[in-house]
1. I'm trying to understand the selection: among the residues of the stretch A:490-541, which are among the β-branched types (Val, Ile, Thr), at pLDDT 70 or above and farther than 22 Å from A:Thr451 by Cα?
2. Before we move on, is A:Ser176 among the hydroxyl-bearing types (Ser, Thr, Tyr) and surrounded by fewer than 16 Cβ atoms within 10 Å (Cβ to Cβ)?
3. Report the residue count in the stretch A:250-297 for those that are out of contact with any Pro (no Cβ under 9 Å at 6 or more places or on another chain) and in a strand (DSSP E or B).
4. Quick check on this structure: which one of A:Ser327, A:Ser285 is out of contact with any Gly (no Cβ under 6 Å at 6 or more places or on another chain) and in the same structural domain as A:Leu193 (by TED's automatic domain parsing)?
5. Considering only residues of the stretch A:294-315 that are under 19 Å from A:Val211 (Cβ atoms) and in contact with a Phe, Trp or Tyr (Cβ under 7 Å, 6 or more places away or on another chain), which is nearest to the other protein chains (Cβ to nearest Cβ)?
6. Just checking, which of A:Gln124, A:Gln132 is surrounded by 15 or more Cβ atoms within 10 Å (Cβ to Cβ) and either farther than 19 Å from A:Gly319 by Cα or touching a Cys at 6+ places or on another chain (Cβ under 9 Å) (or both)?
7. Check whether at least one residue in the stretch B:2-16 is under 12 Å from the mean Cα position of the chain (by Cα), on the phi > 0 side of the Ramachandran plot and more than 10 Å from chain A (Cβ to nearest Cβ), and report yes or no.
Amino acid sequence: MPKNQKLALVVDDSKMQCKLLSVLLQEEDYRVVVANDGASGVDMYIEHQPDLVLMDINMPIMDGFEATRRIKKLSGVGTLAPLIFITSMDSEQSFIDSVEAGGDSILVRPFTPRVFKAKIKAMQRISDLVEQVKSLQQEQLNDAELAEKMMSGVIEARNFALDKIGVIKKAATIFSGDIQLTALCPNGDINVLLGDFTGHGLRSSIGAIPVTETFRAMTKKGFSILDIVAQLNRQMYTLLPGDLFFAASFACISEHDKSAYIFNAGLPEGYLFSDSGLIKNRFNSTHPPLGILPKLLPDAQLEVVQVMKTDRLVFITDGIVEARNKSGDLFGFPRFEKAAIDGIFHKKLVDSVLNSLDDFCQHCDQEDDISLVEVPCSGWQAVELSHKVAIPETFTEEEDFFVTTPDSSPSWTYHLHLTGRLLKTINPIPLVMNQINDLEGAGEHWQSLYTILTELFINGLDHGVLALNSSLKNSAEGFSQYFNERSSRLDKLAGSGIDDFIRIALQYYPLSHGGKVVINIKDSGNGFDILDVMKDNSIAMNDGLKLSGRGVELVNQLCDTLEYQEQGTLVTASYIWHNPVKLN
Amino acid sequence: MTVSSRTSGDGKELIIAIEERFDFSLHQQFRDAYNRVTTPDLTFILDLSQTEYMDSSALGMILLLKDHVQLCAGQLIISRPSDTVRKILEIAQFQRLMTIE
């Protein structure tokens, strides 16, 4: 007996009819089982799971309608064993009752064998289609589950400081088109992204992997958040079809600089909450979502705000504010803000927002993916300050730990001279770090060098070329004034020639157990009165703070030596590191 | 029909109006409303005064319309969106990409 031979169940109290139908079915290559009343018909159905059921209406014990109702209840939504009523009751009502009970078709006696067989074929065709749809659905479900597993297990599990960040992620289908990323910058800042691809489900997720890769790689290399946004925009523009785009909010939070840099491209407003639940800032969308325009708009810029250690930054996607209740009302901004503020009081923002949403929506179908990220403005791992030289005690004097090359000349030098407009548009530090990585390979110790270079370059640019006074940054009003002034002075640079410049020079000296980099940064500014703040041309650690803000303090801790010369327009720093010592 | 389109008396404008919800379910209807219209220098007016709600796939559909309008060297104007719809357009900063009045 071939395995794929179909099985039919005939339920009829007339043995004669059963015999007749069985013969016809066998001619169509069916195996046949028979029951003579409704109740045993249901039992047979459970026992044999037939592919087709033929049902009489008037039978003892249980009639055909009741048996059909029970069978259809058993067979569930997804499966279809077609059920055909065979009857002599040629009335409109019996036809309607048959369909109501769950019958798929009705055949009225008398009929010829040819009509009967045609009917069976037609029903089989329908049930084959249902089978096909079912297996396609299953396939799609498997794909979505795989993609979801990849997203949550691979992409988002690699996020930085997962334990410190509050997250809501409720997908409308299995797979969310929203993406939440965090990554640590080389200088200890943290970059955050909350993004929403158009639509939801698998179709909306094709950009997720390239976005993740780019965000992580560029953060690691030390590119600024605006550089990252610009690159993601270019990438999404090339990748996504015309009607798909990527709305996203970005933040770079700097704990040691007490500031946050924000960019919102097409998401609902983001918030900065104080620990008392005050909304300190709202970050409105200032740019169309990414992937629509080939390049960012020329006036695209980051919003800079001062943050306290206890502040919390919150981004949401439109799924939250556009969630609906039974009467079709939107959850909206006021409800969200109230829930968030209540939550901050109890240090449970995420729970509070979720509860409020659930109360509001009850059990309405969710139309869109719902996402939120809540990021504290401090508490990231401290910047690693321990790369200063520590000579192990076991070394004897005869064995000089750091043997420089005899003539003390660098094994390579690197110069970069940036002028005018380029000072506004180019961030040279990733370029420099790339060069070093290419020449000397990757290494943990470059993180400190990155911080030193960034701080010294920014100092040269802000306080040298742009002649900004860092004491402004000490008050909240001054803080935003400082950044407004900074961006307007940067704009003016665009028109200036080569008179405004910063020159970066690096010299590299290999040491027997490590290496040394000497950094020279010269700027075109007017400098400052070194004698006022320095003794013997070297900065005492405590004076560093007064000199030019928080940055210099940090640099001084990381450097081996740090000196200002030429009226403060030239800074020379040296950085020494040792390879991890293997103790045998 | 929640998508309707008509040409103005002078033949210089094609007005597409959306009623109630503007979402992915209107995809085909919306395309059909403009796809065969390739008259050069035509002004396409997307009338959203009767649109109560719009989702992000509708924004995507508007971008496709914008591409079409640019291909036929026409002009696209989004007309009289309700407050709810205007807010959605503003979040997406569509006023930077097209005229909204």
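The values are calculated or read from the model by the stated rules, or taken from the named source; none is laboratory data. Fair warning: this is a prediction, and the values are worked out from it, not measured in the lab. Positions of Cβ are backbone-derived with ideal geometry, glycine not excepted, and every protein chain shown enters the neighbour counts.
1. If the condition is that a residue be among the β-branched types (Val, Ile, Thr), at pLDDT 70 or above and farther than 22 Å from A:Thr451 by Cα, then A:Ile498 is the only one that fits.
2. No; evaluated as a whole, the condition is false for this residue.
3. Number of matching residues: 20.
4. A:Ser327
5. A:Pro294
6. Only one candidate passes the filter, namely A:Gln124.
7. Within the stretch B:2-16, the subset under 12 Å from the mean Cα position of the chain (by Cα) is B:3-5, B:14-16.
Among the residues that remain, those that are also on the phi > 0 side of the Ramachandran plot are: none.
Checking the stretch B:2-16: not a single residue is under 12 Å from the mean Cα position of the chain (by Cα), on the phi > 0 side of the Ramachandran plot and more than 10 Å from chain A (Cβ to nearest Cβ).
Each row is one residue, and each column tells you yes or no for (1) under 10 Å from the mean Cα position of the chain (by Cα); (2) over 26 Å from A:Pro294 (Cβ atoms); (3) not assigned by TED's automatic domain parsing to the domain that holds A:Lys309.
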| site | (1), (2), (3) |
| --- | --- |
| A:Leu146 | no, yes, yes |
| A:Lys149 | no, yes, yes |
| A:Gly177 | yes, no, no |
| A:Cys185 | no, yes, no |
| A:Ser204 | no, no, no |
| A:Thr214 | no, no, no |
| A:Thr219 | no, no, no |
| A:Phe223 | no, no, no |
